[in-house]
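The values are calculated or read from the model by the stated rules, or taken from the named source; none is laboratory data. From a predicted model like this one, the values you see are computed outputs, not experimental measurements. Positions of Cβ are backbone-derived with ideal geometry, glycine not excepted, and every protein chain shown enters the neighbour counts.
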């Protein structure tokens, strides 16, 4: 690029494409393909929401797919002008923030899985998973969002968005930390279930657990989490060097480790949707989940404390199948 020409004044006749925000001319075919795929995924999740009313999960996935569509629309715009500031802004904020919402949707599934196998087998009560991981996801989003804004402001002044990239790196790193904790807790719960044996699992959900749909849902969730984890690790490596680093300017790596990974996540969560996986048990699971007290209430964080309170009430006819109605009443009375 000529020294007299700033990046904001660049055109095809004045600057090499290597001097653009992307460092290359984004592939039109690749980005149109991803835009179409995420549009299909968005439509599928919308239809599945209307069918199964999986509100929290579906809203997260729909927002994520919509952000991906906007991000790839930005990259298509960059095909005609890789120096376009709006194209750069749309891409880094759309594609950069979308996985945060995908993660939130996946996090929400663990609470219901715990209930299906038996809340009494969990170290912490089911609502802890929801509140803890959604809070972590909000923190990750709060960190990443300013990073995207600062990157855009730096770019609008013709400067390399280094500071914004480093802030984004902090947000993605926190997201990987949260994903790792989720995997550890999910694995720990699985081990507790295996050690307890099928006889200790909640009998009301035996039909749901033994169904092919539920097994496929679990497999799809594992696939989606693996894809999200791989993408997030790639993103850390990419942002360590900033938006002008080697990985940020490698379109093939971006295609495989960003685009393909999130496509796998989007379609795995649609094809093996929780509404289908839990089937007719979904409303009962939702009802049972609502009966648990908020985890910050007294004696309401660990299941052993809830079960101890239940044991104190077992001599009374006021206890339901799990004792949760009475436990919540007693917990509230202790505050």
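General observations
- Consider the stretch 246-263 and keep the residues that are in contact with a helix residue (DSSP H, G or I) (Cβ under 7 Å, 6 or more places away or on another chain) and in a loop (DSSP other than H, G, I, E, B). The one that is nearest to residue 160 (Cα to Cα) is 248.
- Check on residue 208, farther than 27 Å from residue 110 by Cβ and either in a helix (DSSP H, G or I) or not assigned by TED's automatic domain parsing to the domain that holds residue 169 (or both): no
- Unique match (being crowded, with 23+ Cβ neighbours inside 10 Å and in a helix (DSSP H, G or I)) among 113, 139, 149, 143: 113
- Which listed residue is surrounded by 14 or more Cβ atoms within 10 Å (Cβ to Cβ), modelled with pLDDT of 95 or more and out of contact with any strand residue (DSSP E or B) (no Cβ under 7 Å at 6 or more places or on another chain), from 239, 194, 228, 185: 228
- Residue 187 assigned by TED's automatic domain parsing to the domain that holds residue 254, under 21 Å from residue 100 (Cα atoms) and within 23 Å of the chain's Cα centre (by Cα): no
- Subset of the stretch 139-159 (residues that are over 24 Å from the mean Cα position of the chain (by Cα) and over 17 Å from residue 95 (Cβ atoms)): 153, 154, 156, 157, 158, 159
- Residues (touching a residue at least 60 places away in the same chain (Cβ under 8 Å) and within 19 Å of the chain's Cα centre (by Cα)) located in the stretch 160-170: 168, 169
- Only one entry in 66, 78, 73 is buried (at least 21 other Cβ atoms within 10 Å of the Cβ) and in a helix (DSSP H, G or I), namely 78.
- Residue-level analysis places residue 49 outside the set of residues that are buried (at least 20 other Cβ atoms within 10 Å of the Cβ), at negative phi, in contact with a helix residue (DSSP H, G or I) (Cβ under 6 Å, 6 or more places away or on another chain) and assigned to a helix (DSSP H, G or I).
- Applying a threshold of 6 Å to beta carbon distances and a minimum spacing of six or more residues, or different chains, the list of pairs starting in the stretch 5-30 at a residue that is in contact (Cβ under 8 Å) with a residue 24 or more places away in the chain and ending at one that is loosely packed, with under 13 Cβ neighbours inside 10 Å and part of a loop (DSSP other than H, G, I, E, B) reads 6/158; 7/158; 8/158.
- Counting the residues of the stretch 156-172 that are surrounded by 18 or more Cβ atoms within 10 Å (Cβ to Cβ) and in a helix (DSSP H, G or I) gives 7.
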